[in-house]
């Protein structure tokens, strides 16, 4: 494959597009599929035979606004439909070239205003299983450029200059990591893509893998060239069957087109990728546990150093990055490091994909430039809290993160700002909570998650999270004392500072952040034995006096 | 004629000590009679860094490091005893005592138990946490040995000695988090497992979890010191 051939494929794709007057893109991500968008697509395709109009129905990946699924986008006019059913197919086709169906049309100007799509630039635009469509939108030009015009050091230099930081949560500078692996002594070297997304309410990586898998493959190939690796592993959760099947197809297509295998693009560079399925352990998202899992061992973390960059898979130097990190690589090489560094804040560059969930109007996937205030994401893009409820907190960073209250809504999203406020970027889950959520109960939920997902290797995480969970349950039941709260705070400190891996070290964060911002709710449970939000078993403030009077009445009788 | 070995000098608890570059802080501390409590570590087995009792402070870092896997570095200043470390060690021990049913008075290892003696060394007088009192089985199916899961602290010494020294890999761990348990083969009874009856796991077990059935009611000291000797003899061949 050379640049002329790439160009030729691009032109062929373009030519095919021109044959049609309209293109009806149907979202077939997991969210919309669960509402039978596959049947909708079949119905639309069937209509094609009889309608006499020149149009093309395309299966695409996630379009973002999962709450309004199944979604469809009619190009070139740009009409967006939501909540489409199989029975709407006829009407959709009939409306091509005429007025859109009003009852199904959705207006998403506000939702997309302020978003900036880099990782998701092809999501909802291309058929994820057709490599030609990816090439048609500039795909694999970056790999070709790296292999034919740049030496590995120049590639690493570009990534370092872009300011890209790991999107898995830690925010380690990607260029620095690549440089370390490139310099590490040892052979062979490996590249691993961490697709073991396990945070509750997070589905960014799944969507990227489902809607644009070639982008991740290209990123991995570029990384392999930069660090000198010839073998890659794609570690994906088995709970993501659609992502796995699309990846399998995409790897086959990439091999067939010569972007994987031996002598890639006519150069001496060899690289291939194998898929490994995670068996459902959250801790396998931790890099050393993930490596143990690929090696066929029990997925438990080991102490670092040595870091995987020096001694990773089978004790060889290993580069391990998150799906979204790899998805950013090709655009950086294609558009230049300066372009990427032009977005975001001083120390957090580029964009970040967030999965907006919880008590929010526009549940779905958003990609925003770093530095955007939380308020804008939640109230402008997300459409705010539905049903007239009041915003209470936003949880970022999954079970390792924290809950931020209203007064932090003007915080500009960046790795450092979130950590400073007691939360973290994490992989990009963003759960909005309103006044019907009890913050103690929320903390208990996340601690329970960490407790059941702890691998059990180190004592503080194994036994400490279980004790924390018991204490939080006691508080939720209105049975705790101030002594229990002190013990809980002490345990948080021990678990945070003595645990072996990131799971244990960050497990107390949901408790610590809710204690920091919502301490009065804890005290309400302890002092007045009631739950202000009316969630916990101990009952609400209003319910208490009544019960009390009833008890008194009984005594009097 | 000898191979050059890089020697490092460092400070542990204010004492200047020297070490080979491949040594861990724990090795060097023990050589110099500086006591650092450990439970999962055992000389002769691979390190897992799991019990977190050997955490030490290093000047210039807010993080704590497990001494058993921490390689020495030139000029490193290590603190093995501080109020903070003592508090963490005691809490970790409390977590262990509250996790399962550790009742010394009726334990076969009473007086010969590493958990008991480390708790004493750290001045642990009481447990602040509620006891979880889980219902756990006792496996008496083996002709010579018994496994009492109530006393297991999941240090994985049995797993490692069986895999690394005996080469049988009969022991392993099942479950996740608080539900973890050591098992023989695929959770078969110990008696009908592929156990070679060598008894190494019993000798390395720090508590009364694995014991010799014939030692019930009589003192049951354990002798894990055979391991370094065994390794030395094997390396010599």
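Rule-based calculations on the coordinates, nothing more; no lab input. From a predicted model like this one, the values you see are computed outputs, not experimental measurements. We place every Cβ from the backbone using ideal geometry, glycine too, and count neighbours over all the protein chains shown.
Mind jotting down a quarter of the surface of the convex hull over the alpha carbons of the range B:93-178, in square nanometres, one decimal?
For the range B:93-178, averaging the hull's shadow over all directions gives 6.9 nm².
Percent of Cα-Cα pairs more than 43 Å apart in the protein assembly as shown, please.
Tail of the P(r) past 43 Å holds 38 percent of the pairs.
Could you tell me the distance between the Cα centroids of the range A:387-431 and the range A:71-121, to the nearest Å?
31
Could you tell me whether the range A:39-156 comes out rounded, prolate or oblate from its Cα gyration tensor? Rule is a ≥ b ≥ c as square roots of the eigenvalues, rounded for a/c under 1.5, then prolate if a/b exceeds b/c, otherwise oblate.
It is prolate, given that a/c is not under 1.5 and a/b is the larger ratio.
In peptide A:486-498, how many Cβ atoms from other protein chains are near each Cβ within 10 Å, on average?
Across the residues of A:486-498, the mean count of other-chain Cβ atoms within 10 Å is 4.
With label points built 7 Å along Cα→Cβ from the Cα atoms of residue B:128 and residue B:9, find their separation and express it in nm.
Result for the modelled spin labels: 4.2 nm.
Is the shape of the range A:1-59 best called rounded, prolate or oblate, per the rule: a/c under 1.5 gives rounded, else a/b larger than b/c gives prolate, else oblate, with a ≥ b ≥ c the square roots of the Cα gyration tensor eigenvalues?
Judged from the Cα gyration tensor, the range A:1-59 comes out oblate (a/c at least 1.5, b/c at or above a/b).
What is the helix-to-structure angle for A:465-476, meaning the angle in degrees between its Cα long axis and the longest Cα principal axis of chain A, kept from 0 to 90 and rounded to the nearest 10?
60
Over the Cα atoms of the range A:467-523, how large are the radius of gyration and the largest Cα-Cα distance (Dmax), in Å?
11.2, 33
Starting from the 7 Å offset along Cα-to-Cβ, what nm value, one decimal, do you get for the label separation of residue A:252 and residue A:172?
Label at residue A:252, label at residue A:172, 3.5 nm between them.
For the ranges A:170-176, A:204-210, what's the packing order if you count other beta-carbon atoms within 10 Å of each residue, average per peptide, and put the highest first?
The densest-packed peptide leads the list: A:204-210, A:170-176.
Please work out the C-alpha center-to-center distance from the range A:211-232 to the range A:285-331 and express it in whole Å.
So the separation of the two Cα centres works out to 15 Å.
Using a 10 Å cut-off on Cβ atoms, rank the peptides B:142-151, A:357-366 from the highest mean neighbour count down.
For the peptides B:142-151, A:357-366, the packing ranking is A:357-366, B:142-151.
On a 0 to 90° scale, report how tilted helix A:3-18 is relative to the longest principal axis of chain A, with both axes built from alpha carbons and the result rounded to the nearest 10.
Between helix and principal axis, roughly 80 degrees.
Given the alpha-carbon gyration tensor of the range B:39-91, what are the semi-axes of its equivalent ellipsoid in whole angstrom, ordered largest first, with each equal to the square root of 5 times an eigenvalue?
19, 16, 8
Based on the alpha carbons, how large is the Rg to Rh ratio for the range A:71-110 when Rh follows Kirkwood?
0.92
Quick one: which of A:129-142, A:404-417 comes out on top by average Cβ neighbours within 10 Å, and what's the full order, highest first?
A:129-142, A:404-417
Which distance in Å, rounded to a whole number, links the C-alpha centroids of the range A:448-474 and the range A:1-41?
What the calculation gives is 47 Å, centre to centre.
Please list the radius of gyration and Dmax for the range A:316-458, considering alpha-carbon atoms only, with Å as the unit.
Answer for the range A:316-458, Rg first and Dmax second: 16.6, 56 Å.
Helix-only mean residue ellipticity at 222 nm, chain B, DSSP H runs n ≥ 4 weighted -39,500 (n - 2.57), per residue, nearest 500. What is it?
-6000 deg cm²/dmol
How crowded by other chains is B:41-48, given as the mean number of beta carbons from other chains within 10 Å of each beta carbon?
1
From the convex hull of the Cα coordinates of the range A:131-227, what is the mean projected area in square nanometres?
Taking the Cα atoms of the range A:131-227, their convex hull projects to 7.2 nm² on average.
Let me check the size of the range B:139-237 from its C-alpha atoms; what are the radius of gyration and Dmax in Å?
Cα only, the range B:139-237: 13.5, 42 Å (Rg, Dmax).
Give or take rounding to whole Å, what are the principal axis extents of the alpha carbon atoms in chain B, in descending order?
On the principal axes, chain B reaches 53, 51, 34 Å in Cα extent.
If contacts are Cα pairs under 8 angstrom and at least 6 residues apart, what is the relative contact order of chain B in percent?
Over chain B, the number comes to 18 percent.
State the percent of C-alpha pairs, over all pairs in the range A:387-478, separated by a distance greater than 23 angstrom.
Of all Cα-Cα distances in the range A:387-478, 32 percent exceed 23 Å.
Summing -39500 (n - 2.57) over the DSSP H runs of n ≥ 4 in chain A and dividing by its residue number, what mean residue ellipticity at 222 nm do you reach, to the nearest 500 deg cm²/dmol?
Calculated mean residue ellipticity at 222 nm is -12500 deg cm²/dmol.
On average, how much area does the Cα convex hull of the range A:440-491 cover when viewed from any direction, in nm²?
It is 3.2 nm².
What is the Cα radius of gyration of the range A:247-340 over 2.2 N^0.38 Å, N being its residue count?
Dividing the Cα radius of gyration by 2.2 N^0.38 Å gives 1.29.
Note the angle between two axes, namely the Cα long axis of helix A:37-51 and the longest principal axis of the Cα atoms of chain A, as a number of degrees from 0 to 90, rounded to the nearest 10.
40
How high is the FRET efficiency between residue B:71 and residue A:347 when r is their beta carbon distance and R₀ equals 35 Å, given to the nearest 0.05?
The calculated FRET efficiency here is 0.70.
Could you work out, residue by residue across B:90-102, how many beta carbons of other chains sit within 10 Å of that residue's beta carbon, and then give the average as an integer?
Shielding by partners across B:90-102 averages 4.
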